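Since the structure comes first, as C-alpha cells, the remarks are kept for the end.
The values are calculated or read from the model by the stated rules, or taken from the named source; none is laboratory data. In this text, all values refer to a predicted model and were calculated from it rather than measured experimentally. Methodologically, a virtual Cβ is constructed for each residue, glycine included, from the backbone with ideal geometry; neighbour enumeration extends over all protein chains shown. Remember, those area values only see protein heavy atoms, side chains included, never the ligands or the DNA or RNA. Shrake-Rupley method; radii C 1.70, N 1.55, O 1.52, S 1.80 Å.
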Amino acid sequence: MKALLLIDLQIDFCPGGALEVPQGDQVIDLANQLMDQFELVVATKDWHPADHESFAANHLWRRPGDVIELHGLEQILWVMHCVQDSFGSQFHPQLQTDKINHIVYKGTDKEIDSYSGFFDNGHRQATGLEAYLRDKGVTELYIMGLATDYCVKFSVLDALSCGFETYLIEDGCRGIDLTPGDVQAAMDAMVQKGAVVMQSEELLVG
Ligand code: VGL
Ligand code: ZN
C-alpha cells in the first residue's frame, strides 16, 4: 500500500505568508494532481500555540535566525508562524483539501519544535503518523511539500528510520535556504539515508 504525504502546505509557508518559502505556492497545483493518483493522502500541519518557544518574539532580544539552546536542543528561532487556528495556519486556499484523508498536527508542544511529521525534534513524542500509516498497511511513502530543508527533510529521514520505502517528489518541494546550499545539503542527506528522489511526472503519466 502506498500513500502520499503532503508536508505543511499552509498559507504561512507560501509567498505573502509569515515564513514564506520562495515559490512555495508553486507546488499546490502539483499536490492537487498527485492526490488523484493515491488511495491514501495524509497531510501535516505545522500547528503552534502562540507562546511556542521556536518563535523569536517569545524570547527577549532574540531575532529570527538566531540559534539558541531550547530545553537541551539546538533551536533556530523563527518568525511567528502557523499559530493554531490563525489565518496563516490554514492550508493554501487552492489546495483541494477534500482529497486529504487524514491530517497530522505537529509542533503543538510549546517547549519543543517538530520539523518532522513523525516525531518532535528530540524524538521524545510521536505525532501518531507512524501508527496511522501502519494501521492502513502503508509500506511506500511519497513525500512532497514545504520546506525541503526543514520539515520535508526531517519527515523523510524519520520515514526511512521507521522503515517505509520513501520517495521524495523533488519538483513538489521548495526550500528556505537560510544559508545558500541548505537545500542541496538536505537533498544529499535524504539520498544518503536511502530516499529515492523522483519527479512528479513519473507518477502522472499513464
Ligand atoms: C518549518 C520552520 C519552522 C517547515 C516549520 O515547515 O519547514 N520550518 N517550522
Ligand atoms: Zn514551525
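Report MET35's accessible area, 1.4 Å probe, all protein chains in place, as a number in Å² to the nearest 10.
MET35 exposes around 10 Å² with every protein chain in place.
Whole angstrom only: what separates the Cα centroid of the stretch 44-107 from the Cα centroid of the stretch 138-196?
Using only Cα atoms, the two centres lie 19 Å from each other.
Checking the a/c ratio against 1.5 first, then a/b against b/c, what shape does the Cα gyration tensor give for the stretch 104-188? If you can, show how the numbers build up before the last one.
Details: a/c = 2.18, a/b = 1.22, b/c = 1.79.
Oblate.
Decide, for the stretch 1-70, between rounded, prolate and oblate: order the square roots of the alpha carbon gyration tensor eigenvalues as a ≥ b ≥ c, take rounded if a/c falls under 1.5, and otherwise choose prolate if a/b is larger than b/c, else oblate.
Values: a/c = 3.50, a/b = 2.12, b/c = 1.65.
Judged from the Cα gyration tensor, the stretch 1-70 comes out prolate (a/c at least 1.5, a/b above b/c).
Net charge near GLN94: determine it from the other residues with C-beta under 13 Å of the C-beta of GLN94, scoring Lys and Arg +1 and Asp and Glu -1. Each step should come with its number before you reach the end.
Values: positive: LYS99; negative: ASP25, ASP29, ASP98.
Taking every other residue near GLN94 into account, the sum is -2.
Quick check: net charge around ASP25, other residues with Cβ under 13 Å of its Cβ, Lys/Arg +1 and Asp/Glu -1?
Working: positive: ARG174; negative: ASP8, ASP12, GLU20, ASP29.
It works out to a net charge of -3.
Extent of the stretch 39-89 along each principal axis, from alpha carbon coordinates, in Å, largest to smallest?
46, 24, 16
Using the basic label-point model (7 angstrom from Cα toward the beta carbon), what is the GLN26 to TRP61 distance in nanometres?
Simple spin-label model gives 4.1 nm for this pair.
Note down the relative contact order for the stretch 44-97 as a percent, whole number, built from C-alpha pairs under 8 angstrom at least six residues apart. List each step's numbers first, then the result.
Details: 69 pairs, mean separation 18.5, N = 54.
So the answer I get is 34 percent.
Is the stretch 1-149 best put as rounded, prolate or oblate by its Cα gyration tensor, with a ≥ b ≥ c the root eigenvalues, rounded for a/c under 1.5, and otherwise prolate when a/b is larger than b/c, oblate when not?
On the way: a/c = 2.33, a/b = 1.45, b/c = 1.61.
Cα axes put the stretch 1-149 in the oblate bin.
Can you list residues from other chains, or at least 5 along the same chain, whose modelled amide H is less than 5 Å from the amide H of THR166?
Amide H neighbours of THR166, under 5 Å, 5+ apart: LEU141, VAL196.
Counting alpha carbon pairs within less than 8 Å and at least 6 residues apart, what relative contact order, in whole percent, applies to the stretch 4-77?
Values: 77 pairs, mean separation 18.1, N = 74.
Value for the stretch 4-77: 24 percent.
If you average the sequence gap of Cα pairs under 8 Å that are 6 or more apart and divide by the length of the stretch 58-206, what percent do you get for the contact order?
On the way: 196 pairs, mean separation 22.4, N = 149.
In percent, rounded to a whole number, it is 15.
For the full complex of protein chains and a 1.4 angstrom probe, list ILE103, ILE176 by accessible area with the highest value first. Write down the numbers at each step before the final one.
Working: ILE103 55, ILE176 35 Å².
The most accessible residue leads, giving ILE103, ILE176.
Loop-only GluC sites (Glu not before Pro) in the stretch 32-126, please: DSSP not H, G, I, E or B, and at most 16 other Cβ atoms within 10 Å. Write out the running numbers ahead of the final one.
Values: sites: GLU39, GLU53, GLU69, GLU74, GLU111; in loops: GLU39, GLU53, GLU111.
Filter output for the stretch 32-126: GLU39, GLU111.
Per residue, how much accessible surface does the stretch 1-155 expose to a 1.4 Å probe? Answer in Å², no decimals. Spell out each step's value before the answer.
Working: 6880 Å² over 155 residues.
Value for the stretch 1-155: 44 Å² per residue.
By the scheme Lys and Arg +1, Asp and Glu -1, what is the net charge of all other residues having a beta-carbon under 13 Å from that of GLY163?
Values: positive: ARG134, LYS193; negative: GLU130, GLU140, ASP158, GLU165.
Computed value for this residue: -2.
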